[in-house]
Each structure stands twice: as C-alpha cells, then as structure tokens.
1. In whole percent, what relative contact order does segment B:1-78 give with Cα contacts below 8 Å and a gap of six or more residues?
2. Counting only protein chains, not ligands or nucleic acids, how are A:His71, A:His7 ordered by accessible area (probe 1.4 Å), most first?
3. Under the Karplus relation 6.51 cos²θ - 1.76 cosθ + 1.60, θ = phi - 60°, what is the ordered set of whole-Hz ³J(HN,Hα) values for segment A:34-40, x standing for Gly and Pro?
4. List the GluC sites (Glu not before Pro) in segment B:1-110 that DSSP assigns to loop (not H, G, I, E or B) and whose Cβ has at most 12 other Cβ atoms within 10 Å. Which are they?
5. Have a look at A:Thr82, A:Thr57, A:Thr17 and tell me which one the Gaussian network model of chain A (Cα, springs below 10 Å) gives the largest fluctuation.
6. Lysines near A:Lys66 by alpha-carbon distance under 18 Å, same-chain residues fewer than 8 away left out - which ones?
7. Just to be sure I understand: if you take the accessible area of chain B alone plus chain A alone and subtract the pair, with a 1.4 Å probe, what total do you get in Å², rounded to 100?
8. Where the centre of each part is set by its Cα atoms, how far does segment A:72-115 sit from segment B:24-76, in angstrom?
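The values are calculated or read from the model by the stated rules, or taken from the named source; none is laboratory data. Only a predicted model underlies this, so the values are computations on that prediction, with no experimental measurement involved. A quick note on method: Cβ atoms are made from the backbone with ideal geometry, for glycine too, and the neighbour counts reach across all protein chains shown. For the accessible areas, the whole protein counts, side chains as well, though only heavy atoms, and no ligand, DNA or RNA atoms are used. Shrake-Rupley method; radii C 1.70, N 1.55, O 1.52, S 1.80 Å.
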Amino acid sequence: GAVVSQHPSRVICKSGTSVKIECRSLDFQATTMFWYRQFPKKSLMLMATSNEGSKATYEQGVEKDKFLINHASLTLSTLTVTSAHPEDSSFYICSARDLQSAEAFFGQGTRLTVV
Amino acid sequence: GQQLNQSPQSMFIQEGEDVSMNCTSSSIFNTWLWYKQDPGEGPVLLIALYKAGELTSNGRLTAQFGITRKDSFLNISASIPSDVGIYFCAGRLNAGNNRKLIWGLGTSLAVNP
C-alpha cells in the first residue's frame, strides 16, 4: 500500500528559529500534497495544497511567508515554519496523492513545540 | 471554514458492543470518507464511499452514503479494545478543481475491556 513518511515526528525549537518538516511518498509519486494543522482534540485544518513544480495554494488565513511550502520533487514536500512562536505549537500532518489514487494517504504527523 | 456535524462527540462502550456514528452536512457531497486517528498519529482511511446509497464494509466496519448525499454513517460491530481512537468523517464535492476535504469534528471512542 501507499506509504507516506513524515519527519521529524517530534521537534522542540526556540522562539524565533525556523523548523522544517519533511513529507515523503515512499512508494508512489505524489503529484499533490496537502498540509494540515491539528489542535488538541480538534479536527484537521487544511493549511495549503501543493502540486509538484508549482506554488502552493494556501487556505484563507494561513500566512504563506510564515509557512513556506516546497514541493520540488514528486516524492518530497517540505513545510518550513519560519520565525516560530509558541502559538505555532501544534500537530502538523501531511497527506499525499498520486494520479492513480482516488484518495490521499497521511503521514504520521509532527508534534511541534515552540518554547 | 466549513465543517461537518459529526455525532456523537464521544462514546464509552463495553467490549463486544456495536457502535454507530454519523455525519451530516448542509450541502451535498459526491464522496464520503471515514478515517480513524490514533493518538499522535495521522489519520488512516477506513472506508471510502462514492455513490449515493452505497453501503460498504471493511471487516467489522460498515459505512453508508446517504441517499440525500448530505449524510453518512459508520457502524462498528463487536467492538474490541483496539477500536479505541478518534473517528473522523470527511466529505468532498469533487466539482471542477475542488478536491478539498471537509472534515467532521470527530467521535472519540473508548472501549472498556
């Protein structure tokens, strides 16, 4: 089955620093990747959709300069949280889909804590 | 953003009992999906429904796509401790380039062994 690997699973960083989260499709080519944010005991909130080789489409209210998304290859997308603040602490999840799949598959998620 | 009405919010049941949860929407969807999320993990797709009235099973799980296209339910039969987790429904319209999923708020399931 399709496997999406997300790294790191947990990260703690200091305020003001930047953190990069990687999302890899291990056995398929991900033409589209989605980045979500999830607060405790809440549902998933879509942040942005990226198609390989083009700029990401951000959802309303999500700062594109704050959350940089790069989808440079068919197997890798990255989310960089720039100048992190404690309010950026959250669970970030990626999902990936190829042209053959009807649905996207999710990564394991990244727990970000900004101190 | 738009969210689906998912109920119940939480359930506490005894092992062996059956479970039912549902989602409703004010707008129609062409796809209904049911996911399970374990603590600290990403969601895992359980069942996908693509046709109004469709009834699909996956082991002890059964889900149906409502005739009105505005609702779906998920049943779990003979629950076991590993069924514990949060279950999310998600709907999608599939109109044009719109493949965005609209999510329910989740149903937290606890199973007493």
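1. Taking the mean separation of contacting Cα pairs over the length of segment B:1-78, I get 31 percent.
2. Largest accessible area first, the list is A:His7, A:His71.
3. Along segment A:34-40, the couplings run 10, 10, 10, 10, 9, 8, x Hz.
4. Within segment B:1-110, the qualifying GluC sites (Glu not before Pro) (loop, at most 12 other Cβ atoms within 10 Å) are B:Glu15.
5. For chain A, modelled as a Gaussian network with Cα springs under 10 Å, the answer is A:Thr17.
6. A:Lys14, A:Lys20, A:Lys55
7. Details: alone 6090 and 6500 Å², together 11250 Å².
That pair hides around 1300 Å² of surface in total.
8. 24
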